[in-house]
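The values are calculated or read from the model by the stated rules, or taken from the named source; none is laboratory data. Remember, it's a predicted structure, so these values are computed and weren't measured experimentally. FYI the Cβ positions are ideal-geometry reconstructions off the backbone, even for glycines, and counts take in every protein chain you see.
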Amino acid sequence: MNPFDLILATLGGALIGLAASGLLFSVGRIAGISGIVGGLLKPTGGDVAWRITFILGLLMGGVALALTGAEVFAAPAERSLWAIAIAGLLVGFGVRMGNGCTSGHGVCGLTRRSRRSLAATAMFMATGALTATIIEFFKGGIL
Amino acid sequence: MKTYLSIFSAGFVFALGLGISGMTNADNVIGFLTLTEMWNPSLAFVMVGAIGVHLILFRLILRRESPACDTVFRIPTRKDIDGRLLTGSALFGIGWGLGGFCPGPGIVSLASGSPAALLFVGTMIVGMVAFGEFDKLISRKREGYVENTSKPNTAS
């Protein structure tokens with residue numbers, strides 16, 4: 001692992017913390033991506049525009065990254081599209097059931113020292129590591 | 001307008017942070033979750049950077065009476081650790097380790113136009129809708145159960 005990559009990881013992380021703080025400062029909301037997206041699926045009045053605006057910001061940030069030409073995007077090298085499709089279903093179902101993902105529980109929740117977020121983060125880190133490690137073990141199989 | 005500009009900027013900076021930190025490269029995420037001698041620690045550094053900055057600013061922000069462009073802070077207050085939280089998080093983790101994407105990097109990666117990112121976000125939304133339907137079904141069943149037990153059984 002290149003030490004420069006770890007510096008970039010920390011700096012990028014700091015930007016994520018800054019963005020989460022900006023959202024809290026301006027509209028008092030938690031920057032949990034799954035909650036922001038999921039809230040659009042059963043929309044209530046006055047609650048839609050800010051969510052769409054945030055997601056547009058995310059998308060435009062992605063476009064800006066793509067325009068720089070830096071190779072920041074990569075799909076997983078050793079996962080089939082079947083695996084990705086099942087992964088998407090599990091992630092979508094799981095984050096709604098568990099009320100959050102890496103951003104809402106992992107970053108924002110741990111910052112507040114929320115017990116729920118600590119339990120959620122420990123759980124998804126554990127099952128995530130177990131899954132990825134088992135796949136690595138059986139590499140070359142159907143996945 | 002100022003409100004929406006700041007919300008947009010928060011999303012924009014969030015995306016830049018994900019890109020710069022290497023989290024829009026799914027192999028960095030899979031490398032973190034794969035516990036072998038090739039372990040990639042970068043996700044831990046991202047968490048430290050994000051929580052470090054947010055920890056300082058969070059405290060300063062909450063000294064205010066209200067957010068700059070709204071009337072109240074909407075911060076989750078629940079403290080109970082229930083089966084839903086743990087089951088949901090466990091399922092999310094399995095999907096995360098399987099695909100290497102979580103919701104934020106998935107959405108930001110749409111800009112790359114990669115089939116994997118498009119497929120991930122599409123199926124993720126299907127999964128979210130599916131949970132909404134599942135949740136409705138469960139709560140309807142639960143209501144039905146309460147209704148049945150509250151009435152005396154006249155048939156027997």
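Return yes or no: is A:LEU18 closer than 17 Å to B:GLY49 by Cα, modelled with pLDDT of 95 or more and among the hydrophobic types (A, V, I, L, M, F, W, C)?
Criteria met by A:LEU18.
Among the residues that make up the stretch A:123-136, is at least one of them among the aromatic types (Phe, Trp, Tyr) and either touching a residue at least 40 places away in the same chain (Cβ under 8 Å) or surrounded by fewer than 24 Cβ atoms within 10 Å (Cβ to Cβ) (or both)? No, that holds for no residue.
Is there a residue being at pLDDT 95 or above, facing another protein chain (nearest Cβ under 7 Å) and not in a helix (DSSP H, G or I) anywhere in the stretch B:1-18? For the stretch B:1-18, residues at pLDDT 95 or above, facing another protein chain (nearest Cβ under 7 Å) and not in a helix (DSSP H, G or I): absent.
Of the helices (runs of 4 or more DSSP H) lying entirely inside the stretch B:26-131, those containing at least 2 residues that are facing chain A (nearest Cβ under 7 Å) and over 16 Å from the mean Cα position of the chain (by Cα) span B:26-33, B:42-61.
Being under 17 Å from the mean Cα position of the chain (by Cα) and closer than 22 Å to B:VAL13 by Cβ holds for only one residue in A:VAL63, A:VAL72, A:VAL91, and it is A:VAL72.
When each of A:GLY62, A:GLY57, A:GLY35, A:GLY39 is tested for being more than 7 Å from chain B (Cβ to nearest Cβ), crowded, with 21+ Cβ neighbours inside 10 Å and not hydrophobic (A, V, I, L, M, F, W, C), the lone residue that passes is A:GLY35. Filtering the stretch A:91-128 to residues that are in a helix (DSSP H, G or I) and among the polar types (S, T, N, Q) leaves A:THR102, A:SER103, A:THR111, A:SER117, A:THR121, A:THR127.
Remark: pairs (first residue in the stretch A:92-106, at the interface with another protein chain (Cβ under 7 Å from one of its Cβ atoms) and among the polar types (S, T, N, Q); second residue in a loop (DSSP other than H, G, I, E, B) and surrounded by fewer than 24 Cβ atoms within 10 Å (Cβ to Cβ); Cβ separation under 8 Å; 6+ apart in sequence or on different chains) = A:ASN99/B:PRO76.
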